[in-house]
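Novice: Could you have a look at this structure, given as structure tokens, before my questions?
Throughout, read-outs are computed from the coordinates displayed, never taken from laboratory work. For clarity, every value in this text was computed on a predicted model and none was experimentally measured. FYI the Cβ positions are ideal-geometry reconstructions off the backbone, even for glycines, and counts take in every protein chain you see.
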Amino acid sequence: RIASEAAKKNLDFQSRSLSVIHGKLSDLKPKVRTFVEESARLCQPENVHICDGSERELRHLLNVMQQAGMIEYLPKYKNCWLARTDPGDVARVESKTFIVTKNRRDTIPTPKEGVKGLLGNWMSYEDLNGTVQERFPGCMSGRTMYVVPYSMGPGSSSLSKIGVEVTDSPYVVASMRTMQRMGGKVLETLDQEDFVKCLHSVGCPCPQKTLVNNWPCDPARTIVTHVPDTNEIISFGSGYGGNSLLGKKCFALRIGSNIARREGWLAEHMLILGITNPKGIKKYIAAAFPSACATNLAMMTTSLPGYKVECVGDDIAWMKYDEDGVLRAINPENGFFGVAPGTSMHTNPVAMKTVLSTTIFTNVAKTSDGGVFWEGLEKEIDNDVTITSWLGDTNWSKESGKPAAHPNSRFCTPAGQCPIIDPSWEDPKGVPISAILFGGRRPQGVPLVYEAFNWKHGVMVGGSMRSEATAAAEHKGKVIMQNPFAMTPFFGYNFGQYLQHWLSMETRTDKALPKIFHVNWFRKVKKGRFIWPGFGDNVRVLDWILKRVDGEDVAEESGRRLLPKDPPSTMAGLEHENVDMDELFSLPKELWEQEVRDSTKYFAEQVGDDLPNEVREQLKILEKRIEKM
Ligand code: GTP
Ligand code: SPV
Ligand code: MN
């Protein structure tokens, strides 16, 4: 136990008794109590607050933050708040995110000599100990340490897991209360069950350095670490997003995928939606998109009459076979932490209706009438308001050439508020998954949709995903990057073994597996315009997918893949959009030859000996298909 070892070395504070200002240490189960006491010994907070998840507690937290100037009230809406971070703390820090295992190969495949590994970062136990010793002793001095017990997944579900996060950030607590199911009830179940230990500090002991935007953090020393063997997460220096809301990517994906592998299920970066067709038949779909492409699909307002889309989750899916061998999914989260820019009544009215009450916005701009603003809302604010940018520029205008809201600015909002939340979103059994989608931002060459021939082929398609970089992480520019399963920043163990685990799912059931598809809403014409109208019209693609799931004869094998037969019926009515269907579905041979070369090279350089043979074979088969094109 890393934190526990570090605490023991921190002898000065062994004897100091803890000042508990909320809740009772004696109410904690022994394991939790030990974790809390050891964390406190290490971090030396002024006092300890054990969270109950109540409304009253939330009021208190908001009050504390308002006093400290971390958040401000947005009077235009009900219960909405705006936080602005230190501009040095605005996104996940992938280069400072580590998985800690005994052997390097347990975490990442060995890249080819001279090639930089792109599939995660490994750290040894020794280095983690050093890292913790350098950063944590006394790091909460003068601050309150909050203890946040939470459940990933509905309380009664056999798919759910429990975490306890200790943190010195009230912003994190308030956000976790939305994102996870938090509070006292969770602690009662801890008797039988183990929990994931999450230690988080903003790394700003008092008396503190001068803060920017009253946002404590330490970007220069930020580090996010995970220890799968002991189910521990230790994060320092950042207070934002996936770096600090440890239930999210750290637990749900990096630690979660390790647990899933041990227990034979899948923890994935996938949205889950339910779709009902005009005949009243409902199916569920899980879809993996790189960060900043998913919420819109999960909350789609369909453009086709008679169809209904309902949202189970927008970011993470835990999927497990039930006793009948049917793959079922739960959304382990309780809220949405979605990208604000681009969301509007025009693009995503459902998301807009979800976020305009009881929401914490971070790094968006604000209007002089006490509302929010971001890129995409130009037509939805009053003409006479002035805009204060996320950086505090009080008379922001487009002419400044800078965005009003940070591209990774977000809303944190309870899922239950979503007007199209699926009635089964908290079903402890989860929802049955009929199709799995992989998608990316591919401006060139990749058709709107194609179907994988079988599970193995689908695993190769997921493993070969590529996408244009977005603002959710610290990348520059719009390069096309390999992002297998939309998981590159979130793998909790060796990607080669991850592929093997995916392949193994085929042998764990005798029922039909979900069908696998690849979609791309983002293909562009030469001049840069999107070919496909996207958003609500994406239901047309889902409709085709559902027909395929039902075994309807609406696909044909074109040069490379199973594509919709031309012209697919549900594409009708798009004439006015001037959609160039030929361009949308064309498969430029040269581009695909290059694609296979790139993927082959990527697998050889990045995964090497850990690449399962089945995936290598699938690539060869694809290469042959393209040769014949
Ligand atoms: P993470 O939480 O980081 O996983 O991201 P997100 O899933 O919340 O991203 P979101 O769905 O909000 O989409 C982000 C951006 O993609 C926005 O700028 C959207 O306008 C754009 N977008 C979403 N769907 C479509 C589409 O079908 N077509 C086009 N052209 N753009 C889209
Ligand atoms: C993502 O980057 O995919 C997110 C945001 O959903 S964060 O929670 O910061 O990881
Ligand atoms: Mn995400």
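Novice: When H60, H49, H200 are ordered from fewest to most other Cβ atoms inside 10 Å of their Cβ, what list results?
Specialist: Ascending number of Cβ neighbours within 10 Å: H60, H49, H200.
Novice: Restricting attention to segment 257-361, which trypsin sites (Lys or Arg not before Pro) occupy a DSSP loop and are surrounded by at most 13 other Cβ atoms within 10 Å?
Specialist: When the trypsin sites (Lys or Arg not before Pro) of segment 257-361 are filtered for loop state and at most 13 Cβ neighbours within 10 Å, K279 remain.
Novice: Ok, one more. In whole Å, how far is the Cα centre of segment 266-325 from that of segment 11-71?
Specialist: Centre-to-centre distance over Cα atoms comes out at 38 Å.
Novice: Order these peptides, 115-121, 245-251, 222-228, by their mean beta-carbon neighbour count within 10 angstrom, highest first. Provide the component values of the computation, followed by the final result.
Specialist: Working: 115-121: 16.9, 245-251: 28.6, 222-228: 24.4.
By packing density, highest mean first, the sequence is 245-251, 222-228, 115-121.
Novice: Report the local net charge at W374: Lys and Arg +1, Asp and Glu -1, summed over other residues whose C-beta lies under 15 Å from its C-beta.
Specialist: +3
Novice: Tell me the label-point distance for the pair V212, D550, using the 7 Å Cα-to-Cβ offset, in nm and rounded to one decimal.
Specialist: According to this spin-label approximation, the distance is 5.5 nm.
Novice: Please list log₁₀ I(q)/I(0) at q = 0.11, 0.13 Å⁻¹ for segment 175-249, using the Debye equation with identical point scatterers on the alpha-carbon positions.
Specialist: -0.35, -0.48
Novice: Percent relative contact order of the chain, based on C-alpha pairs within less than 8 angstrom and at least six residues apart?
Specialist: It rounds to 15 percent for the chain.
Novice: Kirkwood Rh and Cα-based Rg: tell me the resulting Rg over Rh for the chain, rounded to two decimals.
Specialist: 0.96
Novice: How many nm separate the modelled label positions at E399 and Q67, each set 7 Å beyond the Cα in the direction of the Cβ?
Specialist: 4.4 nm
Novice: Moving on. What 222 nm value per residue comes from the helices of the chain, counting each DSSP H run with n ≥ 4 as -39,500 (n - 2.57) and dividing by all residues, nearest 500 deg cm²/dmol?
Specialist: Computed mean residue ellipticity for the chain: -7000 deg cm²/dmol.
Novice: Please compute the net charge surrounding V224, taking Lys and Arg as +1 and Asp and Glu as -1 over other residues with Cβ under 10 Å from its Cβ.
Specialist: Around V224, the charge tally is +3.
Novice: Going by a ≥ b ≥ c, the root eigenvalues of the Cα gyration tensor, does segment 39-133 fall in the rounded group (a/c under 1.5), the prolate group (a/b larger than b/c) or the oblate group? Show your work: numbers first, answer last.
Specialist: Values: a/c = 3.20, a/b = 1.91, b/c = 1.68.
Verdict is prolate for segment 39-133.
Novice: Please list, by residue number, every one of the trypsin sites (Lys or Arg not before Pro) in segment 480-557 that is coil in DSSP and has at most 16 other beta-carbon atoms within 10 Å.
Specialist: Numbers: sites: R508, K511, K515, R523, K524, K526, K527, R529, R540, K547, R548; in loops: K511, R523, K526, K527, R529.
Filter output for segment 480-557: K511, K526, K527, R529.
Novice: Might you report the magnitude of the Cβ-based charge dipole of the chain about its Cα centre, with Lys and Arg at +1 and Asp and Glu at -1, to the nearest 20 debye?
Specialist: 520 debye
Novice: Select from L448, V132, S464 the residue farthest towards the positive end of the dipole of the chain; place +1 on Cβ of Lys and Arg, -1 on Cβ of Asp and Glu, and compute about the Cα centre.
Specialist: Working it through, the farthest residue towards the positive pole turns out to be V132.
Novice: Indicate the gyration tensor shape class of segment 120-179 (rounded, prolate or oblate), computed on the Cα atoms with a ≥ b ≥ c the square roots of the eigenvalues: a/c under 1.5 is rounded; otherwise a/b larger than b/c is prolate and the rest oblate.
Specialist: oblate
Novice: Taking θ as phi - 60°, what are the ³J(HN,Hα) couplings along segment 236-241 by the Karplus curve (6.51, -1.76, 1.60), each to the nearest whole Hz, with x for Gly and Pro?
Specialist: Karplus-based 3J(HN,Hα) across segment 236-241 equals 9, x, 10, x, 10, x Hz.
Novice: A 18 angstrom limit on the alpha carbon distance is what I want to check against. Which of K456/K624; K282/K456; K320/K429; K29/K197 exceed it?
Specialist: Long pairs (Cα-Cα over 18 Å): K282/K456.
Novice: In terms of the Cα gyration tensor, with a ≥ b ≥ c the square roots of its eigenvalues, is segment 413-564 rounded because a/c is under 1.5, prolate because a/b exceeds b/c, or oblate?
Specialist: Judged from the Cα gyration tensor, segment 413-564 comes out rounded (a/c under 1.5).
Novice: Sticking with this one: Relative to the first principal axis of the alpha-carbon coordinates of the chain, what is the inclination of helix 538-549, with its axis defined by its Cα atoms, in degrees from 0 to 90 and to the nearest 10?
Specialist: 70 degrees
Novice: In sequence order, what are the phi-derived ³J(HN,Hα) couplings for segment 163-171 according to the Karplus relation 6.51 cos²θ - 1.76 cosθ + 1.60 with θ = phi - 60°, rounded to whole Hz, with x for glycine and proline?
Specialist: Coupling constants for segment 163-171: x, 10, 9, 9, 8, 9, 10, x, 4 Hz.
Novice: If you stretched the chain out fully between D324 and E557, how much longer would it get, using 0.36 nm times the residue separation minus the C-alpha to C-alpha distance?
Specialist: Values: separation 233, 0.36 × 233 = 83.88 nm, distance 3.25 nm.
Contour length minus Cα-Cα distance gives 80.6 nm.
Novice: Assuming R0 = 45 Å, what is the FRET efficiency of K116 and D384, from their Cβ-Cβ distance, to the nearest 0.05?
Specialist: That pair, K116 with D384, gives E of 0.30.
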